[in-house]
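Presented below is the structure to which this report refers.
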Amino acid sequence: MNDLAPAATPAPVPVEDAVSFKQQKDTKLYAERVRIYAKAIKGRFRQIKTAALVGLLAIYYLVPWLRWDRGPGAPDQAVLIDMPSRRAYFFWIEIWPQEIYYLTFLLMLGAFGLFLVTSIGGRVWCGFTCPQTVWTDLFMWVERLIEGDRAARIRLDKSPLTGGKVARKVAKHGAWLLIAAATGGAWIMYFNDAPTVTWNILTGQASFAVYFFCGLFTATTYLLAGWAREQVCTYMCPWPRFQAALLDNESYVVTYESWRGEPRGAHKKGASWDGRGDCVACNQCVAVCPTGIDIRDGLQLECIGCGLCIDACNDVMAKVGRPANLITLDTEANQQRRQRGEAPVMRIVRPRTIIYAVIIAVLGIGILLGLSTRATLDVNVLHDRNPLFVRLSDGGLRNGYTLKILNKDRVAKTFALGIEDLAGATLSVIGHEPAPGQPILLEGRPDTVTSYRLYVTAPAAAVASHQQPIQLSLTDQADQTVARFETVFRGPER
Amino acid sequence: MPTKVEKDAFTGTDTTGHEWDGIKELNTPLPKWWLYTFYASILFAVVWWVLYPSWPGINGYAKGVLGSNQRLDLDHRMAEAKAAQATYYDRLASASVAEINQDPELLNFALVGGQVAFNENCAGCHALGGAGQSIYPTLADDDWLWGGTLEAIEQTINYGIRNGHEQARFNEMPAFGEILEPAQIEDVTDYVLSLGGTSGNAEAAARGQALFAENCASCHGDDGKGLQDMGAPNLTDPIWLYGSQRPQIVAQIVKPRQGVMPAWSTRLDPATIKLLTVYVHSLGGGQ
């Protein structure tokens, strides 16, 4: 009996931290796509968005057709990147590949411009000007035209497959593909003469590369603007990820005034507003959102700052007779001021924006200075690596160079070659034997690089150390302007 | 084994259960389409296997239905490049080296093509840019053993030096160690040094001058300036193939070194030799 008697203090039953595997299947490995049916809305932000759309698309499609006369033999397209002949044209500016740093500066200018705009007004770029936003907006407009607004589209997608549904879908995708093809085609025109390449594409005479890139950009436009849409912003784009680093509490962002909106709830006409918030929980702000979020949850990664929810809410506030801008473009600091009943303050000038503006100004002035003082003549003097110098039978020294004349003008030029800073030096260029006493005349062919083999001979005594800086000069025979270029003359170690 | 899926209190998202210093990683699921792009890339690979060479076998490999072959592509492109150069080669074949040197277009082609041929065939001894090294003469200076005119250079490249070819340039400096007494060789050396402007024993040099006139002048000339027809070097300039120091000169008199150069006409076509000739002529020393 004693053996079977329970212990005076029974040991606690161990509790395992175990759950059936079925309950563990809470987390899905992959997220299903939630279709977003953005509702059409009218209002101030919609107007800005439409204006941006029309303006930017007009620039994109029309710029390749602008002409700019550069004289005979040169392309007359105002904006052209001519890959085969290694030239980029922008109106009066012509860039050679070695001047690609202008593009670097331009990209830096773009980056800091983006930083400045974001620190002032939030994701203005994302909401209004990003190509992904512009083309998605255009595709949504086409979609509404063919399939109707939000409710009609939801109904259509749920309806069984009928002839009418197929016709609408085919019309929509057909229209999308046409726009996409025009987009891809316009892209090609920045790299080819627009009228020529358009004719060639239409008559089947264009190169494989043209058709390939046309097809590639058609496909990406169709997929990104028609199908991927907000997925690009939420999953592919890095910009939403670091926007937080550019915002501070004085940045204007799309904001829900929760302090006067909550507690939200449906509101019957004529009922009292006491003890409740202004938000009538109509969810119009969610319905119009192109990325399908609820701005009342606060600033979030998916918000592209387009302000359409502001338009939607203002409509509703006007209808229920409450003050506008329950959803508003405001700063975090102003929200706190408003909550305290103080007047809002606009603080655009802050250390952050000043720094960005100064960088932009420096970069912009740098680019302008660079372009306005850009020399049309450049010379590369490449000293031979082997042999560094040659000792001659009279004891003198000779150095070999490759002389490249970069004539960025479209007229041929003739230069007289000279040398400075080397006593007793004589010059000779392979293939050029001037009459005695005459200078060596070198031609700089128009808009290209002309190469010459140059030998400089000097008495050994003229070279003080193993390496002496010298200057070569090119005198333009047309206007006698002299350009000087530095190089070295080498001799034995001393 | 995770026991229970934990939800993040703030976002309501599941966590992975991993925690670092109190920070828990959210388990945000990947979108489905992302998975589909992965499937699409697998499909791409399968299509690639069918179209292009891919799987290795024991006696070969799957060739792919497009018949792509990079080695054949290379041959094809080389043939295209050759065809593009053919017009130049035709003109080179009928032009003399002097004519090539006068024609700016052919000269440009010869300088570029000649450099390639030189780097492949000649630079091993004469070094890049004809800088010369060790016992191989510098081609970029103005001192020539066998002549620096276009014709002389072409002749030397075609048939070479002391290589047994019947048209090869040939000379043979006798080994004076078997002809002259050691003291006489010292005297001649003093004289040769004096020719180059190096002061030595004037008395010995005077004795050496008589010996030089007797033994050396027939090739190197009375004034020691050499004779290019004989390939006899100029002894009065500061350029010395086998060294300018006294022991080196003595050694060369006692038992001369006789350099050899291959006959390139047995290896290269005439057009390439013309390219080489024009290129070597352009290195700085061409006459």
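The values are calculated or read from the model by the stated rules, or taken from the named source; none is laboratory data. Computed from a predicted model, the values in this text were never measured in an experiment. No Cβ is skipped: glycine too gets one built from the backbone with ideal geometry, and neighbour counts run over all protein chains shown. The area values use the complete protein model at the heavy-atom level, side chains included, leaving out ligands, DNA and RNA. Shrake-Rupley method; radii C 1.70, N 1.55, O 1.52, S 1.80 Å.
So the values come out like this:
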quantity	calculated
Surface share of carbon and sulfur [accessible, 1.4 angstrom probe, percent] for the protein assembly as shown	61
Inter-site label distance for residue A:98 and residue A:484 at 7 Å from Cα along Cβ, in nm	2.0
Under Karplus coefficients 6.51, -1.76 and 1.60, residue-wise ³J(HN,Hα) of the range B:109-120 in Hz, glycine/proline x	4, 5, 5, 6, x, x, 5, 4, 5, 5, 5, 6
Exposed GluC sites (Glu not before Pro) absent - longest run of chain B, DSSP non-H/G/I/E/B, at most 10 other C-beta within 10 Å	B:1-165
14 Å beta-carbon shell around residue B:268, net charge (K/R +1, D/E -1)	-1
Alpha-carbon spread of the range B:220-287, three principal axes, descending order, Å	42, 24, 20
Between the range B:79-135 and the range A:206-252, the alpha-carbon center distance in angstrom	52
Per-residue mean of C-beta atoms belonging to partner chains within 10 Å, peptide A:425-433	2
Rounded to 10°, Cα long-axis angle of helix B:270-282 versus longest principal axis of chain B	70
Simple spin-label estimate for residue B:84 and residue A:86 in nanometres, 7 Å along Cα-Cβ	1.4
Extension gain from residue B:70 to residue B:39, taking 0.36 nm per residue of separation minus the Cα-Cα distance	8.3 nm
Helical segments meeting 30 Å axial Cα length and Kyte-Doolittle -0.5 threshold in chain A (DSSP H)	A:163-189, A:351-372
Rounded if a/c under 1.5, otherwise prolate or oblate - the range A:241-394, Cα gyration tensor axes	prolate
Surface accessible to a 1.4 Å probe, per residue, for the residues of chain A, Å²	55
Normalised contact order of chain A, rounded percent, pairs of Cα under 8 Å and 6 or more residues apart	13
Farthest toward positive dipole pole in chain B [+1 Lys/Arg, -1 Asp/Glu at C-beta], among B:123, B:161, B:29	B:29
1.4 Å probe accessible area per residue over the range B:176-254, in Å²	53
Estimated dipole of the protein assembly as shown in Debye, rounded to 20 [Cβ of Lys and Arg +1, of Asp and Glu -1, Cα centre]	5520
Förster radius 41 Å - calculated FRET efficiency between residue A:40 and residue A:199 (Cβ-Cβ, nearest 0.05)	0.60
Residue among B:15, A:125, A:88 farthest towards the positive dipole end of the protein assembly as shown, charges placed on Cβ	B:15
Euclidean distance between Cα centres, the range A:271-325 to the range A:383-411, Å	74
Label-point separation in nm, residue A:468 to residue A:175, each point 7 Å along Cα→Cβ	7.9
Mean Cβ count within 10 Å, highest first, over the residues of peptides B:275-284, A:41-50, A:103-112	B:275-284, A:41-50, A:103-112
Intensity falloff of chain B expressed as log10 I(q)/I(0), Debye formula with alpha-carbon point scatterers, at q = 0.07, 0.12 Å⁻¹	-0.52, -0.89
Total accessible surface hidden between A and B, rounded to 100 Å², 1.4 Å probe	2500
Prolate/oblate/rounded label for the range A:44-235 (Cα gyration tensor, a/c 1.5)	oblate
Cα-only radius of gyration and Dmax that characterise the range A:386-450, units Å	14.2, 44
Most mobile listed residue (B:107, B:51, B:26) in chain B, GNM with C-alpha springs under 10 Å	B:26
Complex-versus-alone comparison for the range B:19-67, residues with a loss of 40 Å² or more in accessible area, probe 1.4 Å	B:29, B:30, B:31, B:32, B:33, B:35
Loop trypsin sites (Lys or Arg not before Pro), the range A:60-132 (other Cβ atoms within 10 Å of the site Cβ: 13 or fewer; DSSP)	A:86
Residues in the range B:231-279 occluded by at least 40 Å² - accessible area, probe radius 1.4 Å, against chain by itself	B:238
Estimated [θ] at 222 nm from DSSP helical runs (n ≥ 4, -39500 (n - 2.57)) normalised by residues in chain A, nearest 500	-11500 deg cm²/dmol
Helix axis angle, B:32-51 relative to chain B longest principal axis, alpha carbon, degrees	50
Shape call, the range B:176-254: gyration tensor on alpha carbons, a/c limit 1.5	rounded
Extension gain (nm, one decimal) between residue A:297 and residue A:433, 0.36 nm per residue minus Cα-Cα	40.7 nm
FRET efficiency estimate (nearest 0.05) - Cβ-Cβ, residue A:338 to residue B:20, R0 56 angstrom	0.90
At least 20 Å² accessible surface lost relative to isolated chain, residues of the range B:104-126 (1.4 Å probe)	B:107, B:111
Under the Karplus curve 6.51 cos²θ - 1.76 cosθ + 1.60, θ = phi - 60°, whole-Hz ³J(HN,Hα) for the range B:239-244, x wherever Gly or Pro sits	9, 10, 5, 9, x, 9
Loop sites in the range B:134-227: trypsin sites (Lys or Arg not before Pro), DSSP, at most 16 other Cβ within 10 Å	B:162, B:225
Size of chain A as Cα extents on the principal axes (Å, biggest first)	120, 82, 58
Listed residues A:428, A:478, A:417: farthest to the positive end of the dipole of the range A:377-490 (Cβ charges)	A:428
